[in-house]
């Protein structure tokens, strides 16, 4: 409980301790005093518990903001005092403040998961100056500087580990419970917590461009992007409150004038009408529900940039995926080796030597698969043949390494490979020596993610890729995609998404999931853009509406369930609050509901709606 909440609770308890004996004495006929004295006695607990409501109402009137819940509470309780219903005036204010306290506590609970995320911001970075470690502001560290991260410290800036080995806790960013191992050459992101090893890191991004800064910006801006239903409630309250104030005034004046007498009775009905009509249950519980949804998503490592995106996601039934880096790892690795007449190791060694001067990802994959030392002096007369491969001399023998065109051009009899991926054929002195398959591996969770999306109600799954048809179609078939488009340029991806959007009807929404710079235009064009936050490009993260902090596509189904659960709870709150208020307003107008029923219609409904909103945070 915060300091502010403790103060409020103390005021409520003191006011209650004074009010309850007065209330009992009044109803037992023990308070036989003139009305002015009784008024003063009840005024004491009223002012103790409600002075801040009176202050806020006066301040808002001075600033031109008249019709709010503070104003309604003041008018209603003043009216109760005017018709000498002193205990009801105090009870309304007391229970209203109980509701406010409960609401404040609920909001803080909903904010907690996001507040925890705000703690990832580092306060300093360690730099070595004249042989000593010095704590400096992360803003003062430049790209290329070397920083030292001690055991247990939070990583202040993005960079590459140049010395040391350690495990880092990424749970605050990605939701992953298992620490990641870092060693020389590993990319490390700000906001993580270092384990038990000392790390020296070369900074790759300035603080303002770092992962932690971007995440905090996303979180801070999330509440400004309201869902349509939130905007509706805000506008509704703006017009609704003046209408009910006028309605209460008419209720207090017209019936006594028309039917004669009964001013006190109709005045009390008008006061009850005002208390009942207070829109705080709607104004608080609806945004609280959405805020809880954003908090629940952040717990599983998903950043939602606004409640409007939660509402859109709840209506999404078509999802489009980029392939590389989204459904696949985006890393080329040797998947199969098929030697002919030589050993697998010899084939890999020959291919690695042939590719030893190349920095192409495919060449890197072959060298990584071989893993042994490469004596480049064994290689001579290296010649790259564009669109075909390479021709080199290794230990005096002519080696061809490349695609089928290279084999055909050299009149080599070879066995075509049917595997998915890029095929490198090897020939030594005009004799076929085998083939090596290099493929981008499908993420282990991708297939499960597609099944989970179908189970959550997504009707149509599509994959877009710049890869060749046979590669793209093989991946789509393995994952169970409904549709695939291959050999696309970045502009073609936008066109395909626009075609899909044009074919949609009603409230159906389309989401696009991507990670690369070339995905940014498509992420912006889709109804909702989802980016990979760990390995994804800055441009993709900036353009997206939702960011998966650990690049796990399985999280999409989780956040869809959170979004739909949130929207369901918000709808329940609206229907419940308006329904109860409408019934008790009608009863109050006909004198069938007293001030106590009014208190339930206001405070009781608000508390129940807030409790309902908090269920989002408990969602598994």
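The values are calculated or read from the model by the stated rules, or taken from the named source; none is laboratory data. Source: prediction; values computed, not measured. With ideal geometry, Cβ positions are generated from the backbone for all residues, glycine too; neighbour counts draw on all protein chains shown.
Would you check which residues across region 579-595 are assigned to a helix (DSSP H, G or I) and crowded, with 16+ Cβ neighbours inside 10 Å and list them? Once the filter is applied, which keeps residues that are assigned to a helix (DSSP H, G or I) and crowded, with 16+ Cβ neighbours inside 10 Å, region 579-595 yields 580, 581, 584, 585, 587, 588, 589, 595.
Within region 375-405, being at positive phi and out of contact with any strand residue (DSSP E or B) (no Cβ under 6 Å at 6 or more places or on another chain) holds for 387, 395, 396. Of the residues making up region 417-476, those that are without any contact (Cβ under 8 Å) to a residue 12 or more places away in the chain and buried (at least 19 other Cβ atoms within 10 Å of the Cβ) number 0.
Residue count for region 353-364, restricted to those that are in contact (Cβ under 8 Å) with a residue 60 or more places away in the chain and over 17 Å from residue 331 (Cβ atoms): 1.
Only one of the listed residues (48, 61, 53) is assigned by TED's automatic domain parsing to the domain that holds residue 93, over 22 Å from residue 252 (Cα atoms) and surrounded by fewer than 18 Cβ atoms within 10 Å (Cβ to Cβ). That residue is 61.
Filtering region 1-40 to residues that are closer than 19 Å to residue 95 by Cβ, surrounded by 15 or more Cβ atoms within 10 Å (Cβ to Cβ) and over 50 Å from the mean Cα position of the chain (by Cα) leaves 22, 26.
Yes/no per residue for (1) touching a residue at least 40 places away in the same chain (Cβ under 8 Å); (2) closer than 19 Å to residue 422 by Cα; (3) crowded, with 18+ Cβ neighbours inside 10 Å:
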| residue | (1), (2), (3) |
| --- | --- |
| 349 | no, yes, yes |
| 366 | yes, yes, yes |
| 371 | no, no, no |
| 385 | no, yes, no |
| 409 | no, yes, no |
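So if I check each of 368, 329, which one is part of a helix (DSSP H, G or I) and under 27 Å from residue 443 (Cα atoms)? Just a single option satisfies the conditions, and that option is 368.
Please verify whether residue 35 is in contact (Cβ under 8 Å) with a residue 12 or more places away in the chain, assigned by TED's automatic domain parsing to the domain that holds residue 74 and out of contact with any helix residue (DSSP H, G or I) (no Cβ under 6 Å at 6 or more places or on another chain), treating the condition exactly as stated.
Values: in contact (Cβ under 8 Å) with a residue 12 or more places away in the chain: yes; assigned by TED's automatic domain parsing to the domain that holds residue 74: yes; out of contact with any helix residue (DSSP H, G or I) (no Cβ under 6 Å at 6 or more places or on another chain): yes.
For residue 35, the condition - in contact (Cβ under 8 Å) with a residue 12 or more places away in the chain, assigned by TED's automatic domain parsing to the domain that holds residue 74 and out of contact with any helix residue (DSSP H, G or I) (no Cβ under 6 Å at 6 or more places or on another chain) - is met.
Take the residues in region 421-469 that are in contact with a strand residue (DSSP E or B) (Cβ under 8 Å, 6 or more places away or on another chain) and part of a loop (DSSP other than H, G, I, E, B); name whichever of them is nearest to residue 349 (Cα to Cα). Show your work before the answer.
Of the residues in region 421-469, the ones in contact with a strand residue (DSSP E or B) (Cβ under 8 Å, 6 or more places away or on another chain) are 421-430, 432-443, 446, 450, 453-454, 457-465.
Now narrow it down to the ones that are part of a loop (DSSP other than H, G, I, E, B): 421, 429-430, 443, 457-459, 465.
Details: 421: 20, 429: 16, 430: 18, 443: 28, 457: 50, 458: 47, 459: 48, 465: 32 Å.
Per the stated criteria, the residue is 429.
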